[in-house]
Every structure is written in structure tokens, then in C-alpha cells.
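Asks: Mind looking over this structure? Questions follow.
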Amino acid sequence: MEPRWAGYAEYCRLRAAGLRPQALVALDAFLAAAADWHPADRVIFAKWVTAAADHARSSPLLPDPMVRRMLVPALAEATDDAEARALLGLLGDTHDDAPLALYLDALAQAPDDPVAVKLFLRAVLQWVDYAQHELPGCYLGDPAEDIALLERAATLSTDPDQRNLIDHRLEAARRALTDRNPHGN
């Protein structure tokens, strides 16, 4: 482990022991020390900790004070780093950029970045799952927009199970679009 990350390890140890108030004190001390780090070092930590959390925003490894005070500001500064842009979409941008726009920006910068691809695919499937959850009665949102996202996702997915899910969602979106506009007008 990186020696400067010891304060974060202490936070995790205390939090795992159920000592939340003490853990938050340790986290505050870690964040204060990290404020003096070079911005690139904060981005390195952000990439490491989000990977450790399996890129799940709800992970206890990503406490909200750390996300707001350190990770998001560090990632927001790394505008030329595709993975950082994708992680900013995951964690939330202080400029209110939509996560999907950040994922698309990351893919435009580096179409093969594995984190950007993973987060884009996850976001598209979550979005479309929500849009389609009331089918056959109602499609929430615009199926034409979802078709474009799903087609992009299909070109990026290498997992056969995920690809089957994308194809299934794509078929449902196309069917919903046809049902909304049966005459093609």
C-alpha cells in the first residue's frame, strides 16, 4: 500500500470495527493530508479506490465526504483522462454534467478504455432496464434514443451474456418504437 494512503486504511479499519465516529475523524485527517498531494496523485488514488469498490457508487469504500471533497474535484480536473471522465460520471460531477454524457466523452477520448467501456455498458443497461420495466404497457423515455445507445453498447460488449441482454433490450426498444409510430411517420 502507498504510505500516504494509511489514513484511508485506518478509516476502513475503524469503520469495519463499527466505530463510525472515530472512522470519520480518521477520514477527515486523511482528506486534510490529501489536500496537499499533487492533483495527479489524487487521481491515482481515485482510480484505485473506485476499482477496489468494483466501480459501485454505493460501496462503503466510497464514503460520501471523500467522494465530495477529494475524488470528484480531482477527477474533474483530469479532463484529458478518459478513465477519470468515466469515474466522474460514476461519482457525480459538480458541474451537473449527466453521467451518460461523461461516459460518452470518455469513450470519445479513448474508445478502448476498459473502465470507460465498463461504466458506459453498465449505465446503458441500467437506464434501458428502467425505461423498459413497465413493458409491454409503457416505455419510459424515448426508444429511439435508447436504440442508439444500445447499438453503441453492442459494438463495445465482449461478454456473450451481456451481448444477449443488449440484443434483447434492443429488440424491445425497436418494438416499442414501432408500436409508438406504426406508420413510420
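Asks: Using the scaling law 2.2 N^0.38 Å as the reference, what is the normalised Cα Rg of the stretch 126-185?
Replies: 1.10
Asks: Separate question: Between residue 155 and residue 9, what is the FRET efficiency for a Förster distance of 45 Å, r being their Cβ-Cβ separation, to the nearest 0.05?
Replies: On the way: r = 40 Å, r/R0 = 0.89.
Computed FRET efficiency for residue 155 and residue 9: 0.65.
Asks: Most mobile of 134, 151, 171 per a Gaussian network model of the chain (Cα springs, under 10 Å)?
Replies: 134
Asks: Name the residue farthest towards the positive end of the dipole of the stretch 113-174 from the options 136, 166, 119, assuming +1 on Cβ of Lys and Arg, -1 on Cβ of Asp and Glu, about the Cα centre.
Replies: 119
Asks: Additional query: For the chain, compute the orientation-averaged projected area of the C-alpha convex hull (one quarter of its surface), in nm².
Replies: 12.8 nm²
Asks: Mind checking the dipole of the chain: about its Cα centre, +1 per Lys or Arg Cβ, -1 per Asp or Glu Cβ, Debye to the nearest 20?
Replies: 540 debye
Asks: What's the magnitude of the charge dipole for the stretch 91-173 around its Cα centre, counting Lys and Arg as +1 and Asp and Glu as -1 at the beta-carbon? Answer in Debye, nearest 20. Walk me through the numbers on the way to the answer.
Replies: On the way: 5 positive and 16 negative charges, 41 e Å.
For the stretch 91-173, the charge dipole is close to 200 debye.
Asks: Related question: Using a Gaussian network model of the chain with C-alpha springs under 10 Å, which one of 46, 131, 82 is most mobile by mean-square fluctuation?
Replies: Top of the fluctuation ranking is 131.
Asks: So how tilted is helix 6-16 from the main axis of the chain? Cα-based, degrees 0 to 90, rounded to 10.
Replies: Approximately 70 degrees, to the nearest 10.
Asks: Let me ask another. With a sphere of radius 11 Å drawn around the Cβ of residue 37, what net charge do the other residues whose Cβ falls strictly inside it have (Lys, Arg +1; Asp, Glu -1)?
Replies: -1
Asks: To continue, here is another question. Rounded to the nearest 10 degrees, what's the angle between the helix 143-156 long axis and the longest principal axis of the chain, both from Cα atoms, 0 to 90?
Replies: 60 degrees
Rule-based calculations on the coordinates, nothing more; no lab input. On a predicted model such as this, the values are computed, not experimentally measured, just so you know. All Cβ positions, even for glycine, are placed from backbone atoms using ideal geometry, and neighbour counts span all protein chains on display.
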